[in-house]
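A short write-up of the structure that comes next.
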Amino acid sequence: MVTTIPTVAGRDNSPMLQRISAHMVKKSPESIRAYLILMRMHAPTGVVLYLLPGLWSLSLATERRPDATAVICLALAAVLVRGASCAVNDVIDRDIDAQVARTKSRPVAAGTISVGKALLFGAAQAVASLAILALINTKTALVVGASYPFLVAYPYMKRITPWPTAWLALVISVYPLAGWTAVTGSVDYPPTVIGLYTCAFFWTLFHDTVYSHQDKEYDRSIGVKSSALMLGDSSKAWLGAFIVLSVAGALWAGVEADTGWAFYVLLAGAGALLSYQAVRVNLDDPKSCWDTFVTNRYFGWIILAATVAGRFT
């Protein structure tokens with residue numbers, strides 16, 4: 001069986017990183033291609049969205065140049081944690097994925113990888129990520145490891161609550177905690193970290209709500225729950241509220257960390273970008289939703305630039 005990369009709405013407008021990643025996966029040996037797709041290596045936006053809040057925190061926790069080893073370890077672990085969670089998600093959702101055009105070619109749903117092999121591959125990634133984080137310090141590994149049960153539970157949330165997006169936001173926003181612990185070795189988090197967690201939480205609510213609108217008609221017909229279906233026509237108003245609360249969290253963090261003026265200028269720009277995306281996105285067009293989801297990475301990069309620039313102004 002030839003393994004093909006799942007179709008993604010808006011691929012022609014995908015960022016360079018995604019195009020490069022998709023090309024590498026496409027050219028990879030057939031023997032490993034399905035596993036790379038299971039990790040979503042062809043679509044690295046999820047890794048970026050998970051990693052960046054950790055780098056925000058690491059940046060504000062560091063008085064000097066960030067330790068390169070910590071940055072590399074956090075990045076590698078982010079790839080593996082995301083890969084592990086995707087493997088578990090695809091096993092649990094295999095019957096649902098098989099009914100959705102966007103996901104029916106995923107390896108487990110398509111039968112390219114067995115359930116047992118997918119779970120073994122996911123477990124190996126989960127363990128490897130903790131081993132990598134332990135190279136920084138043990139507490140960083142423990143912080144991320146504590147989120148694993150919640151990552152495993154996430155796929156079930158769409159069957160239980162109309163707010164699976166909120167559960168996801170609670171779980172993947174663990175990386176600001178990991179970034180701080182990577183620098184300080186402490187799990188006694190100050191208000192700066194709580195502000196960054198708040199920013200990451202509501203940012204995730206924003207981009208995952210947009211993401212969920214891609215599949216709302218399939219979700220409705222299948223009978224699973226989503227924030228897109230629950231919020232319906234009021235979604236854009238909610239997106240506006242998520243933007244305000246996300247920016248407020250970052251503002252709180254900047255004030256507590258005593259950052260300079262450049263932080264606030266860049267933060268204003270990041271907020272304006274999200275506001276533009278919320279106004280521009282057509283929530284009834286899957287391609288528009290995908291493009292908006294992908295371009296959310298710019299918000300994360302701008303906040304990272306703000307945390308760095310705020311230390312020097």
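The values are calculated or read from the model by the stated rules, or taken from the named source; none is laboratory data. Keep in mind that what you see is a predicted model, and the values were worked out from it rather than measured. Positions of Cβ are generated from backbone atoms using ideal geometry, with glycine treated the same way; all protein chains shown enter the neighbour counts.
Odds and ends about this structure:
- Annotation: Gly83 fulfils all but one of (1) buried (at least 22 other Cβ atoms within 10 Å of the Cβ); (2) at positive phi; (3) small (Gly, Ala, Ser); the unmet one is (2).
- Qualifying residue in segment 251-261 (condition: within 30 Å of Leu58 (Cα to Cα), within 17 Å of the chain's Cα centre (by Cα) and free of Cβ contacts under 8 Å to residues at least 40 places away in the same chain): no
- Helices (runs of 4 or more DSSP H) wholly inside segment 177-276 that include at least 3 residues being within 29 Å of Cys73 (Cβ to Cβ): 191-212, 235-256
- Answer from Ile132, Ile96 - the residue that is assigned to a helix (DSSP H, G or I) and in contact (Cβ under 8 Å) with a residue 60 or more places away in the chain: Ile96
- Output for segment 127-163, where each listed residue is over 20 Å from the mean Cα position of the chain (by Cα) and modelled with pLDDT of 95 or more: Ala131, Ala134, Leu135, Ile136, Asn137, Thr138, Lys139
- Residue match in segment 55-67 (condition: surrounded by fewer than 22 Cβ atoms within 10 Å (Cβ to Cβ), assigned to a helix (DSSP H, G or I) and of a type outside the set (Gly, Ala, Ser)): no
- Where a residue in segment 215-232 is closer than 17 Å to Pro155 by Cα and free of Cβ contacts under 8 Å to residues at least 40 places away in the same chain and its partner, wherever it lies, is hydroxyl-bearing (Ser, Thr, Tyr) and assigned to a loop (DSSP other than H, G, I, E, B), with Cβ under 9 Å and at least six apart: Lys216/Ser226; Arg220/Ser226
- Residue ID - surrounded by the most Cβ atoms within 10 Å (Cβ to Cβ), chosen from residues in segment 175-191 that are out of contact with any Pro (no Cβ under 9 Å at 6 or more places or on another chain) and among the β-branched types (Val, Ile, Thr): Thr181
- Within segment 277-313, restricting attention to residues that are among the polar types (S, T, N, Q) and not in a loop (DSSP other than H, G, I, E, B), the residue that is surrounded by the most Cβ atoms within 10 Å (Cβ to Cβ) is Thr307.
- Within segment 47-82, the residues that satisfy the criterion of being within 13 Å of Tyr175 (Cα to Cα) and without any contact (Cβ under 8 Å) to a residue 40 or more places away in the chain are Val47, Val71, Ala75.
- Of all residues making up segment 135-157, the number that are surrounded by fewer than 21 Cβ atoms within 10 Å (Cβ to Cβ), more than 19 Å from Leu170 (Cβ to Cβ) and without any contact (Cβ under 8 Å) to a residue 24 or more places away in the chain: 1
- Put simply, of Leu49, Leu38 the only residue that is at pLDDT 80 or above, of a type in the set (A, V, I, L, M, F, W, C), crowded, with 22+ Cβ neighbours inside 10 Å and touching a Pro at 6+ places or on another chain (Cβ under 6 Å) is Leu38.
- Some residue of segment 155-173 being in a helix (DSSP H, G or I), of a type in the set (A, V, I, L, M, F, W, C) and farther than 21 Å from Val48 by Cα: yes
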